[in-house]
Structures are given as C-alpha cells and as structure tokens.
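Accompanying notes for the structure given below.
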Ligand code: GDP
C-alpha cells in the first residue's frame, strides 16, 4: 500500500505515456516499440537495460507472430520481473539477521543527502521491532549534523550510538562501534560513513581503511556494505553507483525517495547494471516507508 502510493508518480507518468504510444493501435509494431523505448529511457530505466527489455519483447513478438497492445502491459511486467529476478536478494524479507553472525555488521556508504542516516534509523527500527539489540556507529565525522541526526535516531528507536569528536578518524569510530557491539552482545551494528565523492582515490582509500580496521575486531566484517542512492536523482544515482562499486565491494543497494518522483524506473536499471541486489527501497520519510525490495510487488506497483 505504501509502495503503491510511493510509486504513484512513476506509474502515472509511465501509463499516460504508454497509453499515448499505443493509442489507436492493436498490434505491437516497430513504431510502438520505438515509443516504448523512449518511454523507458525517459523513465530512467537506462539505455542498456531498455534495449535489453525491447529486445526481449521483440523476440516474443517474433515467436508469437503477433503481440497485441492490450497484452503489452502484461508482457512488460513479465520481462522486467524476469530481469530483476536475476539479481534479487535471497533475503526477501530484507530484515532478517543471519543467526551465525553476531553481531551482524553493516557498513553504509553513499553521497551526503541521499538518505543514508534516515535509512540507518529506519533499519535500526526494523531490527529493534524484532527484539534485536542494535548499535549505531557515527563514522561520518566530517559533519556535526550527521552525528546529531544519527543520535536523534538512536534515541528515537532505542539504539546505542557510538560517536567520537568531530574530525576523528572514521575508521576509529567504526572500530569502536564493532567493539561496543561485541561487548554489549548486540545483534546488529550499523556504521554510517561520510559520502565524500570529490576524489575517487580518497573515497577508495577511506573506505578501504575503514574496512581494514573493522576487520581487526572480527574476521569477515563488515558482513554487508549497503550503498544508499537517491532514486529521485535518476541517472545521477546510477553514476554514483558506478563510483562506489569501483571504490569498494558493495553487497546491497537501497534506493530512497522513490515517492514524489517519476524516475522509479531507475531501480530496474540499477539492478540490471550492477548485478547487486537492490535490497531496500525508500518510499517516504517514516519508518514504515523503508521496504524490503520484492521484485513482483515492485513491478506490480510500477505497472499497475
Ligand atoms: P544523508 O545525508 O545521506 O544521511 O541523508 P538524510 O538521511 O539526512 O536524508 C536527507 C533527507 O531525505 C531527509 O530530509 C530525509 O527525511 C529525506 N529522506 C530520506 N529517505 C527518504 C525517502 O525514502 N523518501 C522521502 N520523501 N524522503 C526521504
């Protein structure tokens, strides 16, 4: 329901364009496909992924000899769900903590303003609702506001927040957070980082150092590196994903702010380009607006 509402703009935009594209036509022909291609690209699906989808529909039209425009919606549905399925997270619930990893450590990366802190707060709330103990690490030591905001979330949801003074080495905060997590018997540790993209080498060095130092506390940590992207920025989000996936091993993606934008198609392109599961989507500012990504639900909300 939240998802349907959150994707309203994308859906509305897509439908009005699609109905124009097929108006007065009964068969999916080259012209319809050309129009569809343009619609998908302008919905931020991305050029390569769009071409892949068009090719799949073309192949189907060839095989079945004839595809009606009335069937187009259902076919789009199936083809896109198929594309997303190739990269779906195993954790369909999205908020499950592996029993054998305690604490389960998540490092959260992404550019400032994309919704990192909010996503961390919402995630913490989900785990706490399952009676899990959560520790948050404020390793974005470059912005006082980021630390304050994380503390506010900590208070709101009931999670301990580990922070040090401004401009301390982020890796030392990350180290402490994992350590506090172990000592206090926490189930989940979530570490926030600064999203400074101004210099790729710096970003890479910074993230490598954080990971190296965290690994000194327990082997195999972080268990998850979650990249947060702002879906409303469309292709900018894709560009950021390119930078971050080059700088470090990203294992999961969260796409935020899908409410209030018509660029929801970007999730399809991101999933297809990076082959990293989109695990969460944000469709609003409250806790209930962070959702585990489910391909079927998503496609159904997107295309009605
Ligand atoms: P950070 O700088 O990456 O930590 O970003 P913040 O977590 O501070 O988020 C920036 C703004 O985006 C805040 O006003 C959040 O409330 C808002 N925000 C985050 N996620 C969502 C979302 O899914 N939908 C909407 N509408 N706003 C969001």
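Below is a table of values for the structure above.
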item	result
Residue match in the range 157-177 (condition: assigned to a loop (DSSP other than H, G, I, E, B), in contact with a strand residue (DSSP E or B) (Cβ under 7 Å, 6 or more places away or on another chain) and within 14 Å of residue 139 (Cβ to Cβ))	yes
Out of 218, 210, sole residue that is farther than 18 Å from residue 144 by Cα and modelled with pLDDT of 95 or more	210
Residue in the range 200-209 that is under 27 Å from residue 100 (Cβ atoms), exposed (fewer than 15 other Cβ atoms within 10 Å of the Cβ) and out of contact with any helix residue (DSSP H, G or I) (no Cβ under 9 Å at 6 or more places or on another chain) present	no
Count - residues of the range 231-251 that are over 19 Å from residue 47 (Cα atoms) and within 16 Å of the ligand (Cβ to nearest atom)	2
Subset of the range 173-208 (residues that are away from the ligand (no atom under 16 Å from the Cβ), in contact (Cβ under 8 Å) with a residue 40 or more places away in the chain and more than 24 Å from residue 160 (Cα to Cα))	200, 204, 208
Residue within the range 74-90 that is within 13 Å of the ligand (Cβ to nearest atom) and either more than 16 Å from residue 186 (Cβ to Cβ) or not in a loop (DSSP other than H, G, I, E, B) (or both) present	no
Some residue of the range 279-292 being away from the ligand (no atom under 15 Å from the Cβ) and modelled with pLDDT under 95	no
The listed residue being in contact with a helix residue (DSSP H, G or I) (Cβ under 7 Å, 6 or more places away or on another chain) and surrounded by 24 or more Cβ atoms within 10 Å (Cβ to Cβ), out of 284, 265, 304, 260	265
Selection count where residues are over 11 Å from residue 2 (Cβ atoms) and more than 15 Å from the ligand (Cβ to nearest atom), scope the range 293-304	8
Qualifying residue in the range 239-250 (condition: closer than 17 Å to residue 175 by Cβ and without any contact (Cβ under 8 Å) to a residue 24 or more places away in the chain)	no
Among residues of the range 30-46, those that are over 26 Å from the mean Cα position of the chain (by Cα) and surrounded by 14 or more Cβ atoms within 10 Å (Cβ to Cβ), counted	3
Tally of residues being surrounded by 13 or more Cβ atoms within 10 Å (Cβ to Cβ) and outside any helix (DSSP H, G or I) across the range 62-73	2
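Condition check ((1) more than 25 Å from residue 229 (Cα to Cα); (2) touching a helix residue (DSSP H, G or I) at 6+ places or on another chain (Cβ under 8 Å)) across all residues:
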position: 148; (1), (2): no, no
position: 154; (1), (2): no, yes
position: 167; (1), (2): no, no
position: 170; (1), (2): no, yes
position: 176; (1), (2): yes, no
position: 179; (1), (2): yes, no
position: 184; (1), (2): yes, no
position: 192; (1), (2): no, yes
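Table: residues versus (1) near the ligand (Cβ under 10 Å from one of its atoms); (2) in contact with a helix residue (DSSP H, G or I) (Cβ under 9 Å, 6 or more places away or on another chain); (3) modelled with pLDDT under 95.
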site: 112; (1), (2), (3): yes, yes, yes
site: 120; (1), (2), (3): yes, yes, no
site: 123; (1), (2), (3): no, no, no
site: 140; (1), (2), (3): yes, yes, yes
site: 151; (1), (2), (3): no, no, no
site: 161; (1), (2), (3): no, yes, no
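The values are calculated or read from the model by the stated rules, or taken from the named source; none is laboratory data. Since the model is a prediction, treat every value here as computed from it, not as a measurement. Neighbour counts run over all protein chains shown; Cβ positions are idealised from the backbone, glycine included.
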